[in-house]
Amino acid sequence: MAKRDYYEVLGVENGASDAEIKKAFRRIAMKHHPDRNPGDSSAEEKFKEAQEAYEILGDDDKKAAYDRFGHAGVDGNSGGGGGGSGFGDVFGDVFGDIFGGGGRGGRSGPARGSDLRYDLQLDLEDAVRGKTVQIDVPTMSACDPCDGSGARKGSSPVTCDTCGGVGQVRMSQGFFSVQQACPKCHGRGQIISDPCGQCHGQGVKEERKTLSVKIPAGVDTGDRIRLAGKGEAGPQGGPTGDLYVQMHVRDHAIFDRDGANLHCEVPISFAQAALGGELEVPTLSGKVKLKIPVETQSGKLFRLRGKGVSPVRGGATGDLLCRVILETPINLNAEQKEHLKQFDKSLAGKSKHSPRTNNWFDGVKKFFDNLTG
């Protein structure tokens, strides 16, 4: 019986990418593998057919020959035809990442040390202006007596006799043949036969490091600084991880930050709002004068350009947005209350003094007229 087209077998289009071909083979292999379908000859045939297709389409040279000449260009080069690399290599290449194997790779070497995170609390002023801070970080550092090797001074690690120093072993499970990290040396290829007495063969020890961290101007909550090589030392001489300093800017008593802009509320008296004038308002660079126009309404927003934050990643400096809030006086004495009553009477019935109030009442009247109409 004539062989089916390999692209049809894997269910991909002619010209599919390597990733698409590998994904298609993985799906079919997992579905039809004999260990999942014991006694099912049809599943086994589909599995072998997919294996043969992937061995051709998963190899650039064989795939080029197949695309040009069809099956005639690759006969004798596939696992199904009796030659080729065999299913063990194909399976290790496609499924090695699931089972921890390195496919066709070699020894993994000493493990890299862990990355660390340090949460740094900053005042708004320091975040905006930048500063240099000292931080204490608990970490794992290379052991001094053994210089991080894990072996007692004067001795050295020896080659693992299970994997022969490769760091990986091939395991057979029924029809499966996979590569995975050596269980004895955990992929390192070496064994500590005479461990260091202080670190017990780990090559690392606990300690606290004091580090100087330069905080650039304009950072905000969520920003982080990477200090390469300042994380934990890797076990048995492995490379050191990194330290990530995470920024957390504390709430401020006056200002709220929104990106490059700052916001604040400025209380003003009734007299200031009605008659206008000037107010002193704070900024992060000192006090400035804010001019209040005559008849300013509560909630009006004033923009002080360039009095915000210069973003850490560049760009224009933000603004300071001041919202004036009319403050109602409290603890009035009898004389003050009487003055207010007299003033209120002087405004009675004069709509020109309260345009917003009159507009609101007109809207309410219209609303109820529509309801009853």
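The values are calculated or read from the model by the stated rules, or taken from the named source; none is laboratory data. Fair warning: this is a prediction, and the values are worked out from it, not measured in the lab. Every residue, glycine among them, receives a Cβ derived from its backbone with ideal geometry; neighbour counts consider all protein chains shown. Keep in mind that these areas ignore ligands, DNA and RNA; they rest on the heavy atoms of the full protein, side chains included. Shrake-Rupley method; radii C 1.70, N 1.55, O 1.52, S 1.80 Å.
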Rolling a 1.4 angstrom probe over the protein heavy atoms, how many square angstrom per residue are accessible across the range 266-308? 63
How do LYS307, LYS3, LYS341 rank by accessible surface area computed with a 1.4 Å probe, from largest to smallest? LYS341, LYS3, LYS307
Output the relative contact order of the range 147-230, whole-number percent, from Cα pairs under 8 angstrom with separation of 6+ residues. 33
Ordered by number, the trypsin sites (Lys or Arg not before Pro) in the range 226-305 that occupy a DSSP loop and have at most 14 other Cβ atoms within 10 Å are ARG250, ARG305
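For THR210 and LYS153, FRET efficiency with R0 = 30 Å and r from the beta-carbon atoms, rounded to 0.05?
Given R0 = 30 Å and the Cβ-Cβ separation, E is 0.65.
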Per residue of the range 209-217, in order, report the coupling 6.51 cos²θ - 1.76 cosθ + 1.60 (Karplus, θ = phi - 60°) as ³J(HN,Hα) in whole Hz, putting x for Gly and Pro. 10, 9, 10, 9, 10, 8, 8, x, 5
Estimated FRET transfer efficiency when R0 is 22 angstrom, pair ARG303-TRP360 (beta carbons, to 0.05): 0.20
With label points built 7 Å along Cα→Cβ from the Cα atoms of ARG27 and ILE135, find their separation and express it in nm. 4.4
Within the accessible area of the range 230-373, what % is carbon and sulfur when the probe is 1.4 Å and the other protein chains stay in place? 52
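For the pair ASP119 and ILE254, what calculated FRET efficiency results from E = 1/(1 + (r/R0)^6), where r is the Cβ-Cβ distance and R0 = 30 Å, to the nearest 0.05?
The calculated FRET efficiency here is 0.80.
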